[in-house]
Amino acid sequence: MNLHLTPGGEGLRARLFHIIFESDTPGAKAFDIALIVAILISVGVILLGSVERYAEHYGALFFYVEWILTLLFSLELIVRIYCLERPLLYLKSFYGIVDLIAILPTWLVLLVPGAHGLVIVRILRVLRIFRILRLMEFVGEAGLLIDALKRSLRQILLFFFSIFMVVTLFAALMYTIESPEAGFTSIPMSMYWAIVSMTTVGYGDIVPATALGKAITMVLMLLGYSIIAVPTGVFSAQVIRSIREDRYSEEACPGCGHDRHEKRAHYCLRCGTWLDEDSEDPRTKDDDKKDEAQKSSGVGDADKNAPQDS
């Protein structure tokens, strides 16, 4: 989490902060594991509750488990806000918003009239599935993926805009060539066919009947195979770049100027120069100790070899 969160005080608030927002102590690790288990149980209850057979037999159990977990998640959010110096900074972050989404639907169900809001209740219940996004908080590599998505966002948006233009052109062409009996009743329906064909899914509910339409379909399928690798390549390149930046330092060696060092490296890979300019090279200290030892031993030898007065 790159929010620079700080505890709101000393004592209990500081201890709670270290347990909740850090993971380098036994208590913090136990808290993270318990939270992951609670999230998985909650998601499992939501998934099983959508199955009619399980809902009929275990509906009451699912109801109580859901409310117990909601109370626990609500208490956890209150404690998070309590131990922070700037709680709004966390609430406006990605994980803060996910925390709110994880508990608000269950509480809002109480405010929705049962008979008139069945669709709304169902939407609110489905929204609880977003609790699974909280698992990203415990995956260190998730930050690399999010960073790669941010870096490649403009290229991916440009790619989708290009795909939209291609789909629109092919849809208009097929709407002109094919008859409504074949399923091409409108340009939006033809766009649906173009997307299904370009992604090589091929549901078969809309099929061209003319020879020209089939030829255009083949061209669109081949085009789909050729362009499907574009966003994958862009995203993969950004992931590799994020991994390199996370692993390697951009600071150049003061001795030779080489700038491809791991962040944990202390000496230059090329010339062996000490990289941390803010601290002293331990080898220098060892050399000074050796020089002092040699000087002291030299003085002792000179005293031993000095002529004795009779």
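What the table below lists for this structure:
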{"item": "The range 182-207 residues that are over 11 Å from Ala172 (Cα atoms) and not assigned by TED's automatic domain parsing to the domain that holds Val167, paired with ones that are surrounded by 13 or more Cβ atoms within 10 Å (Cβ to Cβ) and of a type outside the set (Phe, Trp, Tyr) (beta carbon under 8 Å, 6 or more apart)", "result": "none"}
{"item": "In the range 196-221, residue surrounded by the fewest Cβ atoms within 10 Å (Cβ to Cβ) [restricted to those that are in contact with a Gly (Cβ under 9 Å, 6 or more places away or on another chain) and part of a helix (DSSP H, G or I)]", "result": "Met221"}
{"item": "Members of the range 1-20 that are under 20 Å from Asp99 (Cβ atoms) and either in contact (Cβ under 8 Å) with a residue 60 or more places away in the chain or in contact with a strand residue (DSSP E or B) (Cβ under 6 Å, 6 or more places away or on another chain) (or both)", "result": "Met1, Asn2, Leu3, Leu5, Thr6, Pro7, Gly8, Arg13, Leu16, Phe17, Ile20"}
{"item": "Considering residues of the range 83-94 that are part of a helix (DSSP H, G or I), at pLDDT 85 or above and surrounded by fewer than 15 Cβ atoms within 10 Å (Cβ to Cβ) only, the residue farthest from the chain's Cα centre (by Cα)", "result": "Leu88"}
{"item": "Which numbered condition Val167 fails, given (1) closer than 30 Å to Pro208 by Cβ; (2) at pLDDT below 75", "result": "(2)"}
{"item": "Scan of the range 20-62 for residues that are in a helix (DSSP H, G or I), exposed (fewer than 15 other Cβ atoms within 10 Å of the Cβ) and over 28 Å from the mean Cα position of the chain (by Cα), ordered by number", "result": "Glu52, Arg53, Ala55, Glu56, His57, Gly59, Ala60, Leu61"}
{"item": "Count of residues meeting criterion [of a type in the set (Asp, Glu) and in contact (Cβ under 8 Å) with a residue 40 or more places away in the chain] in the range 28-63", "result": "1"}
{"item": "Yes/no for Ser226 being exposed (fewer than 12 other Cβ atoms within 10 Å of the Cβ), out of contact with any Cys (no Cβ under 7 Å at 6 or more places or on another chain) and under 26 Å from Gln155 (Cα atoms)", "result": "yes"}
{"item": "Residue that is nearest to Phe17 (Cα to Cα) [pool: residues in the range 63-73 that are modelled with pLDDT under 90 and surrounded by fewer than 17 Cβ atoms within 10 Å (Cβ to Cβ)]", "result": "Trp67"}
{"item": "Flag if Ser74 is on the phi < 0 side of the Ramachandran plot, assigned to a helix (DSSP H, G or I) and of a type in the set (Ser, Thr, Tyr)", "result": "yes"}
{"item": "Subset tally (residues that are of a type in the set (Gly, Ala, Ser) and closer than 14 Å to Phe73 by Cβ) for the range 83-113", "result": "2"}
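The values are calculated or read from the model by the stated rules, or taken from the named source; none is laboratory data. Values in this document were obtained by computation on a predicted structure and should not be read as measured data. Glycine also receives a Cβ, built like all others from the backbone with ideal geometry; neighbour counts cover every protein chain displayed.
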